[in-house]
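*Asks:* Okay, here's the structure, questions in a sec.
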Amino acid sequence: MPDFTTYYQSPIGLMRVSGTDSFISEMIFEDSPQQPSVERSDPAEIPELIIHAIEQLIQYFHGGRRIFDLPINQQGTDFQQKVWHQLVNIPYGKTISYLELSRRLGDPKTIRAAASANGKNNICIVVPCHRVIGSKNDLVGYGGGLWRKKWLLGLENKIAHGVQTLF
C-alpha cells in the first residue's frame, strides 16, 4: 500500500500526518515542511483514515477528544514498542516522570533507554509522549519543542481539571 502524507495547521504549528488506508504511521510537528508531491497533496487521493485522523486532532485541540480511536503503526524495536504502549496508557490530563515510565516497564535502570524511546515516537499527541516529565516535576525533553509540550499539557490540564496552567 502506498503511503500518503498531508498537513494539518494545528493551533501550535504545522503537523505532518502520514499513513495508508489501514493505519496512521506518523503525526509530527513540522517546522520546516518539505513540499509534498502533487499526487499526495491532492485531497481526492488522501485516504479516509488520514482525514479521520485530522478530524480527531481538531476535536482534541478544541477540547472535545481525550482518547484517539485510530489504528497506528510505527516501526521500532520491541523495547520502543513497549514504551509507546505505556505512553498510550497515561491518562489525559495526567503526567508521569521518566523514572515512573521505566518502573512501569519493569526496571528503573532503563530510564535513559525509556527516555530515548519516548523521543523516537513519531505519532505525537495520539501516543502522548508529551505527558512524560522530569522526576522533579520539571518540563524536559520534547521533539516538538518544550513550548509545545507546555502548551499541550496546559490544554489537557485546563480541560480535565479546569486549571489554567500546569507549568
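None of the figures in this text is laboratory data; all of them are computed from the coordinates on show. These figures come from a predicted structure and were not determined experimentally. Quick reminder, even Gly has a Cβ in these numbers, built from the backbone with ideal geometry, and neighbours come from all protein chains shown.
*Asks:* Only one of (1) surrounded by 17 or more Cβ atoms within 10 Å (Cβ to Cβ); (2) at negative phi fails for LYS109. Which number is that?
*Replies:* Failed condition: (1).
*Asks:* Which count do you get for residues in the range 135-162 that are over 19 Å from GLN9 (Cα atoms), surrounded by fewer than 14 Cβ atoms within 10 Å (Cβ to Cβ) and free of Cβ contacts under 8 Å to residues at least 60 places away in the same chain?
*Replies:* Going through the range 135-162 one residue at a time, the tally reaches 5.
*Asks:* Under 7 Å between Cβ atoms, at least 6 apart or on separate chains: pull out the pairs that start in the range 62-90 with a residue that is farther than 15 Å from SER116 by Cα and end on any residue that is exposed (fewer than 14 other Cβ atoms within 10 Å of the Cβ).
*Replies:* ARG65/GLN59; PRO71/SER22
*Asks:* So which residues in the range 113-167 are of a type in the set (D, E, K, R), over 14 Å from the mean Cα position of the chain (by Cα) and not in a loop (DSSP other than H, G, I, E, B)?
*Replies:* LYS158
*Asks:* Is there any pair linking a residue in the range 46-57 that is within 14 Å of PRO71 (Cβ to Cβ) to one that is assigned to a helix (DSSP H, G or I), with Cβ under 7 Å and at least six apart or on different chains, and which?
*Replies:* Between residues of the range 46-57 that are within 14 Å of PRO71 (Cβ to Cβ) and residues that are assigned to a helix (DSSP H, G or I), there is no close pair.
*Asks:* Here's a follow-up. Take the residues in the range 61-98 that are of a type in the set (Ser, Thr, Tyr) and in a loop (DSSP other than H, G, I, E, B); name whichever of them is surrounded by the fewest Cβ atoms within 10 Å (Cβ to Cβ).
*Replies:* So the residue we want is THR77.
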